[in-house]
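A short worksheet on the structure shown next.
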Amino acid sequence: MENFNFYAPTYFAFGKDKELEVGQLVKRFGGTKVLIHYGGGSVVRSGLLDRVTQALTDENIAYLTLGGAMPNPRSGLVYEGIELCKREAIDFVLAVGGGSAIDSAKAIAAGAVYDGDFWDFYEGKPVTHALPIGTILTISAAGSEGSPDSVITKEEGMFKRGASGEAFRPVFSILNPALTLTLPAYQTACGITDMMAHLYERYLTNTKNVEVTDRMIEGLLLALITEGKKAIDNPDDYESRANLMWAGMMAHNNSCGVGRSQDWASHDIEHELSAEYDCAHGAGLAVVMPAVFTYNLSHNVMRFAQIAVRVWGCQMDFEHPERTAKAGIEAFRQFLISIGMPKNFDELGGKVADIEKMAHNACYGNGRGGYVGGFVPLAEADVAAIYRMML
């Protein structure tokens, strides 16, 4: 295990009706004038936005609203939010929604206290200051409610890039599983896939002797398999939704990733797909991950064999461990298909003619020097070959 520092100070309020405490929490963390940032109309139609604004009013906290955050959140709305925060002297940003609204809110919060272009943070500039951020989660998926990360798509060129910094960690996050009961099965499945990706990206490590975090990751994956199927089959199952919601946060606040190298090749490769075709991030990951894992299999067969046995219940073939490793990857792929995820590049709307461009952008975007991946460094030709495997 490697040396590490870990500090994750987000205050979590978990359970039914916890959104009613939002006014008290904003006040507790110093907010006096709030920008409420949310996505589409479901937050309004469900009455959630009304409950939030009433809770703020009850605590005499002023607020403004900015809706319109969409999947693969766009830079244009971030610029609008930054200008609004600066003009109206906003001192707290509250995201109501899923990972897209939260990621967009984080970008707004950083840009509101920065004199330059917020996109600098998505080209490698460290995020050290931001307005305090709170969240009310409505989709279990991205884990942004507990993480220091944000991903935004720049509309000029449609570049999808990430930024990270401790200033991006929400000061509080409200997690009410009941808010996810009405999610369509496809969105639920995309969320499950994204959570599993966050765990696999940490599991694929070159660091030795990380049994504690290995077991944490394996346990969360097992929970996602069982609880995910329950939520797909019975959308009104509050308990399965509760388990998914907490698993999503645990998968990405990095408690499972400390003291070990991490990969993130699948995410970097997928970001080009969702930027190019505007597909759901989880759907893109469902196609990308099995291809990446198969391509990287020979680098450490036993790591793939270990997760195949411990998580997917495969029989260990000690004479031919690569057979066990491949069986685990196939079991993972079949699970994703069973919950409604796409199988190949074509189902995402992908075009063969775009492969070389996407491979180049993956390897050189976001300040990268021609490679992606911390498990196996993948060059442009490798990434293009992985895209072709997805055909």
> Quick check, is residue 348 farther than 25 Å from residue 298 by Cα and in contact with a Cys (Cβ under 8 Å, 6 or more places away or on another chain)?
Replying inline: yes
> Of the residues in the range 366-391, how many are crowded, with 20+ Cβ neighbours inside 10 Å, touching an Asp or Glu at 6+ places or on another chain (Cβ under 8 Å) and not in a loop (DSSP other than H, G, I, E, B)?
Replying inline: 1
> Among the helices (runs of 4 or more DSSP H) confined wholly to the range 5-113, which include 3 or more residues that are open to solvent by 60 Å² or more (accessible area, probe 1.4 Å)?
Replying inline: 22-28, 42-45, 48-58, 75-88
>> Residues that are over 24 Å from residue 389 (Cβ atoms) and without any contact (Cβ under 8 Å) to a residue 12 or more places away in the chain, at least 2 per element: which helices (runs of 4 or more DSSP H) completely within the range 198-278 meet that?
In response: 211-233
> Exactly one of (1) touching a Gly at 6+ places or on another chain (Cβ under 9 Å); (2) farther than 24 Å from residue 260 by Cβ is unmet by residue 366. Its number?
Replying inline: (2)
>> Can you find, within the range 303-344, the residue that is most open to solvent (accessible area, probe 1.4 Å) among those that are assigned to a loop (DSSP other than H, G, I, E, B) and charged (D, E, K, R)?
In response: 319
> Going through the range 99-114 one residue at a time, which ones are at pLDDT 95 or above and not hydroxyl-bearing (Ser, Thr, Tyr)?
Replying inline: 101, 102, 103, 105, 106, 107, 108, 109, 110, 111, 112, 113
> Within the bounds of the range 347-356, is there any residue that is open to solvent by less than 70 Å² (accessible area, probe 1.4 Å), modelled with pLDDT of 95 or more and within 29 Å of residue 225 (Cβ to Cβ)?
Replying inline: no
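The values are calculated or read from the model by the stated rules, or taken from the named source; none is laboratory data. From a predicted model like this one, the values you see are computed outputs, not experimental measurements. Note that each Cβ is placed from the backbone with ideal geometry, even for glycine, and that neighbours are counted across all protein chains shown. Areas reflect the complete protein model, heavy atoms only, side chains present, ligands, DNA and RNA absent. Shrake-Rupley method; radii C 1.70, N 1.55, O 1.52, S 1.80 Å.
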